[in-house]
Amino acid sequence: DEPAIQLHPRGQKDVLQMLEQMSVGNQLIYTSHSPFLINRNFPHRIRVLEKDSTKGTIIKNKPYSDGKTRFWEPLKTSIGIGLGDLFSMNEVNLIVEGISDQIFISHMSNELARLNEPFLDLQKIAIVPAMGASCIEYLSRFAYSEHFVACSLLDNDSEGKRIYEKLKNEKGSNMILLNSAKKEAITIEDLIPVNIYVNAVNSFYSKIKGYKEFKTTNENNLGIIEQLKKHFKEIDISFDKVSIAKEVVKLLEIRKENLEDYSSFKQLFEKINNQTQTDY
């Protein structure tokens, strides 16, 4: 119960590593209110316990996403921490363009870790949404000025390419374009099997009056997001990438049999690890 509660956050992280070692071959259960004793690589291990005056103790098996809030919101609310407390910049950072990138990368990393495939150690690497390619430029420079390690992931569109060319030779800038993981990829959504992504879109928006089912045509080699933006403009409905990202990860189930469909994420994580592993 509440191990390492008296220790400095860095000491608590050391205790977490010790608990991980003790759990090999053993079932280990502990309780904590500390974000530093939560291993973000394995969210499926975490349970949130809440007391209800009428129902008694409620156990939530999925504290990392309820499909309506940000990825870790249920957990953060339960232990009483703010957005910046858990996901501020770390000594090692992956800077991404937006929230949907963060959702997909976090989820896919956790899924691949479960299958003993290449993943990102989210205990060491903080995923930082920059809210656009132009902001990556400033966050990358800020990280370098603070002596942080930062790897920036950019969309393979005109703005992403512009920032990549601008920063690729700058000291401290580690840049990755998405098409290095999959040749035709433009955004992170292009790394998801297209049938799964399209099914999630149609399922989510089928409840909206006036929605017309989307069918991918891959015209003019557009990425899935550009195709969807064009479709949603024609039917005059707003398209929300973040809502669909949450919908996709709720439905996504990766097994050994379909692992090859997600090989681009394995390649991406290997590239990110190669750009950051020598620095921490």
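The values are calculated or read from the model by the stated rules, or taken from the named source; none is laboratory data. Given the structure is predicted, the values throughout are model-derived calculations rather than measurements. Neighbour counts are summed over all protein chains in view; Cβ atoms, including those assigned to glycine, are modelled from backbone coordinates with ideal geometry. All accessible areas refer to the heavy atoms of the entire protein, side chains included, with ligands and DNA or RNA removed. Shrake-Rupley method; radii C 1.70, N 1.55, O 1.52, S 1.80 Å.
General remarks:
- Only one entry of Ala200, Ala245 meets the criterion of being in contact with an Asp or Glu (Cβ under 6 Å, 6 or more places away or on another chain) and either part of a helix (DSSP H, G or I) or surrounded by 13 or more Cβ atoms within 10 Å (Cβ to Cβ) (or both), and that entry is Ala200.
- Residue that is nearest to Ser106 (Cα to Cα), among those in region 173-186 that are touching a residue at least 40 places away in the same chain (Cβ under 8 Å) and assigned to a loop (DSSP other than H, G, I, E, B): Ala181
- Which numbered condition Glu213 fails, given (1) of a type in the set (D, E, K, R); (2) within 29 Å of Leu112 (Cα to Cα); (3) in a loop (DSSP other than H, G, I, E, B): (2)
- Any hit, region 162-169, residues being at pLDDT below 95 and not in a helix (DSSP H, G or I): yes
- Beta carbons closer than 8 Å, at least 6 apart along the sequence or on distinct chains, pair a first residue in region 250-267 that is touching a residue at least 24 places away in the same chain (Cβ under 8 Å) and farther than 18 Å from Pro43 by Cα with a second that is basic (Lys, Arg) and surrounded by 14 or more Cβ atoms within 10 Å (Cβ to Cβ) for Ser264/Lys182; Gln267/Lys182.
- Contacts under 6 angstrom Cβ, first residue in region 27-39 being farther than 21 Å from Lys124 by Cα, partner modelled with pLDDT of 85 or more and open to solvent by 70 Å² or more (accessible area, probe 1.4 Å), 6 or more apart: Leu28/Met22; Thr31/Asp1
- Test result for Ile59, open to solvent by 80 Å² or more (accessible area, probe 1.4 Å), part of a strand (DSSP E or B) and at pLDDT 80 or above: yes
- Residue check for Ile254: more than 28 Å from Ser158 (Cβ to Cβ), part of a loop (DSSP other than H, G, I, E, B), of a type outside the set (Asp, Glu) and open to solvent by less than 30 Å² (accessible area, probe 1.4 Å): yes
- Residue check for Ser206: hydroxyl-bearing (Ser, Thr, Tyr) and open to solvent by less than 60 Å² (accessible area, probe 1.4 Å): no
- Within region 115-140, if we keep just the residues that are open to solvent by 10 Å² or more (accessible area, probe 1.4 Å) and either touching a His at 6+ places or on another chain (Cβ under 7 Å) or of a type in the set (S, T, N, Q) (or both), the residue that is farthest from Glu20 (Cα to Cα) turns out to be Ser134.
- Some residue of region 232-241 being basic (Lys, Arg) and in contact (Cβ under 8 Å) with a residue 12 or more places away in the chain: yes
- Applying a threshold of 9 Å to beta carbon distances and a minimum spacing of six or more residues, or different chains, the list of pairs starting in region 197-208 at a residue that is in contact (Cβ under 8 Å) with a residue 40 or more places away in the chain and over 20 Å from Thr187 (Cα atoms) and ending at one that is open to solvent by less than 20 Å² (accessible area, probe 1.4 Å) and among the aromatic types (Phe, Trp, Tyr) is empty.
- Looking only at region 167-193, residues that are closer than 14 Å to Glu247 by Cα and over 18 Å from the mean Cα position of the chain (by Cα) come to 0 in all.
- Scan of region 8-29 for residues that are assigned to a loop (DSSP other than H, G, I, E, B) and either open to solvent by less than 80 Å² (accessible area, probe 1.4 Å) or touching a strand residue (DSSP E or B) at 6+ places or on another chain (Cβ under 9 Å) (or both), ordered by number: Ser23, Leu28
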